[in-house]
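Data block below; observations after.
The values are calculated or read from the model by the stated rules, or taken from the named source; none is laboratory data. All of these numbers come straight from a predicted model, not from anything done at the bench. Glycine also receives a Cβ, built like all others from the backbone with ideal geometry; neighbour counts cover every protein chain displayed. To get the accessible areas, we keep the full protein, side chains included, count just its heavy atoms, and leave off ligands, DNA and RNA. Shrake-Rupley method; radii C 1.70, N 1.55, O 1.52, S 1.80 Å.
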Amino acid sequence: MAYETRLASLMSYQKGRVDVIDDDPKNYAFSNIFEVASLAKPFEQVAVAKNFEYVLEAVRAEGTSGWRAAAHDQSALVLDGQVEFTFKTLAEGHPLPDGGSGGVPEEAAGTLVGRVVARRGPLTLLPAGRAYRLASPAPAVVLIQTVAGPDTQFRWAEICQTA
Amino acid sequence: MTVTGATPHGEVHEPNEFGYQSFSLGEFHFSRDEYFAYVRWPTGHHVMSADAFLRALQRDVAWEFFYGIVNFDGVVGTVNHYGTVDLFAGRYNDAYRRAELDHVENIETPVIKDTFAAILSDWTNEGFDPFASPEETGSAFGPKNGDNDAAITRHRVTARRMVSLPGDEPLRDDDNGHPVNRMFADVDQDEPEVYAEPGFEAEVGSFNLFAYLSRSPVTWNPSVVSVCRESLYCPTTEEYILPIIHGNDRAEWFVQLSDEITWDVEDRDTGRKRAKVVMKAGDVAAMPSDIRHQGYSPKRSMLLVWENASLKIPQLISSGKFPTQPVEF
């Protein structure tokens with residue numbers, strides 16, 4: 001028997017739901033990454049999950065992002081489209097937020113560290129202390145494993161099932 | 001409820017007529033025959049199908065009692081206190097509690113782990129793999145017939161930084177015994193293009209997580225593939241039914257990467273039904289810290305389980321300093 005693995009994309013996704021028996025659906029903060037990305041501006045970092053200081057951010061990658069960096073490792077999972085990640089050294093002493101990523105001015109991104117080109121499925125390390133940027137010629141969707149930072153957007157009431 | 005105060009220890013007893021050893025752990029007694037596993041304690045007794053018992057036991061041993069509560073079913077299970085473990089019967093079952101027939105023993109983790117590992121080894125017959133889907137394993141039933149220690153002690157992936165980085169957990173391929181699963185034959189196996197400047201090879205890394213998961217030989221076994229401080233990505237492939245009912249001591253999050261899973265959600269302490277959560281590819285949902293859940297996956301699916309491994313969390317939640325749901329809005 002041939003099986004079909006059902007993935008999803010910005011153009012084609014189906015959303016499940018919380019069927020309440022005796023509960024409040026808000027307890028489950030139920031959302032869909034593709035729906036969130038479809039409503040987001042390019043490179044907005046919208047939290048779709050939060051566990052104390054840690055978050056998962058849904059990002060609509062479209063065009064080329066600014067340079068960013070974090071004091072800790074992060075990861076980026078490409079869920080739709082193709083994304084090119086470019087990594088550079090970070091100017092010594094450039095301030096970084098305690099948690100999450102912060103913007104990095106062009107002049108603080110130094111020499112090339114490496115590049116990754118990822119289509120749907122790859123998990124890419126965004127290494128601590130390195131500048132990185134994302135580029136995608138067409139809308140793509142990325143899930144970032146990180147810590148809540150200055151640019152993390154919290155929109156639970158807009159993105160989650162409430163009834 | 002009865003609670004044993006002394007430090008329980010494990011004992012092994014001679015094989016019965018079916019060839020299986022029985023085991024004592026404090027005042028709990030475990031035995032099996034051709035079809036069933038039996039659990040006895042001072043105020044009651046319980047029976048489970050041997051295959052279901054072994055599938056649950058396998059996870060409890062491999063996960064070192066996981067986060068919070070591992071319910072083998074609605075009656076017996078364990079609670080992880082991260083150094084000691086409660087072995088219980090009826091503790092999280094409203095009827096047993098009201099009838100005062102529940103029983104709990106707190107046991108040093110190495111003692112219960114060794115005893116559980118010994119039960120798993122003795123009761124798992126050749127050809128039965130408790131981690132495999134029912135379609136991909138032999139029978140758990142019948143009189144004792146050899147063992148399958150290679151399957152029940154397989155390596156659990158725990159990346160230190162990220163799978164595929166130099167010195168970290170390796171990728172899966174045909175050559176290291178990880179063929180693509182029959183239900184993921186259509187999953188793209190291309191790896192990303194990775195270019196590292198000389199000297200930066202340890203920092204520039206990427207791997208095809210979907211391809212990696214398509215080659216997982218086991219089901220319902222979250223394994224760490226990337227780390228962000230105490231934030232752990234623990235993806236897993238799911239088919240048929242989660243063999244335990246996981247009771248949370250912290251919120252955990254699910255990101256459905258492919259296909260579909262239906263979760264039955266119950267009150268953690270009583271088993272009262274609270275919700276069903278249907279998750280499709282791209283869906284994200286929290287499992288609050290006061291529930292227990294069991295998943296049903298009709299076709300092998302990819303699930304990203306996201307955990308916060310901080311040891312401070314259970315106390316923060318149980319003391320009321322942090323709510324049971326991870327976000328409020």
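For this structure, a couple of remarks:
- Spatial extent of chain A: Rg and Dmax, with the Cα atoms as the point set, Å: 16.8, 58
- At a probe radius of 1.4 angstrom, the accessible area of chain A per residue rounds to 39 square angstrom.
- Charge tally for B:Asp264 (other residues, Cβ to Cβ under 10 Å; Lys, Arg +1; Asp, Glu -1): +3.
- Protein-protein interface of the range A:30-71, residues with accessible area decrease of at least 50 Å², isolated chain reference, 1.4 Å probe: A:Phe30, A:Lys50, A:Asn51, A:Phe52, A:Tyr54, A:Leu56
- Cα→Cβ-extended label distance, 7 Å offset, between A:Tyr3 and B:Thr262, nm: 1.8 nm
- Carbon plus sulfur fraction of accessible area for chain B, probe 1.4 Å, in percent: 52 percent
- Note on chain B: with a GNM built from Cα contacts shorter than 10 Å, the maximum mean-square fluctuation among B:Gln256, B:Gln315, B:Gln58 falls on B:Gln315.
- Computed E for A:Arg119/B:Asp94 - FRET, C-beta separation, R0 51 angstrom, nearest 0.05: 0.55
- Mean ellipticity per residue at 222 nm, deg cm²/dmol - from DSSP H runs of n ≥ 4 across chain A, formula -39500 (n - 2.57): -1500 deg cm²/dmol
- Derived scalar couplings between HN and Hα for the range B:25-37 equal 9, x, 9, 8, 10, 10, 8, 9, 10, 5, 10, 10, 9 Hz in order, rounded to whole Hz, by the Karplus curve 6.51 cos²θ - 1.76 cosθ + 1.60 (θ = phi - 60°), x for Gly and Pro.
- Among A:Leu126, A:Leu134, A:Leu39, residue whose mean-square fluctuation peaks in a GNM of chain A (springs only between Cα atoms under 10 Å): A:Leu39
- For chain B, the solvent-accessible area of protein heavy atoms averages 38 Å² per residue (probe radius 1.4 Å; ligands and nucleic acids excluded).
- Fraction of accessible area attributable to carbon and sulfur, the range A:42-155 (%, probe 1.4 Å): 48 percent
- Of the GluC sites (Glu not before Pro) in the range A:1-105, those whose Cβ has at most 11 other Cβ within 10 Å and which sit in DSSP loop: A:Glu4, A:Glu92
- Comparing the full protein assembly with the isolated chain, the residues of the range A:131-145 losing at least 10 square angstrom of accessible surface (1.4 Å probe) are A:Leu143, A:Gln145.
- Residues in the range A:80-119 occluded by at least 30 Å² - accessible area, probe radius 1.4 Å, against chain by itself: A:Leu112, A:Val113, A:Arg115, A:Val116, A:Val117, A:Arg119
- Partner chain coverage, peptide B:209-221 - average Cβ within 10 angstrom: 2
- Normalised radius of gyration (Cα atoms, divided by 2.2 N^0.38 Å) for the range A:1-96: 1.38.
- Potential lengthening of the chain between A:Asp19 and A:Thr89 amounts to 20.4 nm, from the contour at 0.36 nm per residue minus the alpha-carbon distance.
- With contributions of -39500 (n - 2.57) from each DSSP H run of at least four residues, the per-residue ellipticity at 222 nm computed over chain B stands at -4000 deg cm²/dmol.
- Taken one residue at a time, the phi angles of the range B:175-186 give Karplus couplings (6.51, -1.76, 1.60, θ = phi - 60°) of 5, 9, x, 10, x, 5, 5, 4, 8, 10, 4, 8 Hz. Gly and Pro are set to x.
- When B and A come together, around 6000 square angstrom of accessible surface is lost from both chains combined, probe 1.4 Å.
- Label-point gap, in nm, between B:Leu316 and B:His178 - each point 7 angstrom along Cα→Cβ: 3.2 nm
- Cβ-Cβ FRET estimate between A:Phe154 and B:Glu27, R0 fixed at 45 Å, reported to 0.05: 0.35
- Calculated FRET value between B:His155 and A:Ser12, using beta carbons and R₀ = 35 Å, to 0.05: 0.45
- GluC sites (Glu not before Pro), loop per DSSP, at most 15 other Cβ atoms within 10 Å - longest free stretch of chain B: B:202-327
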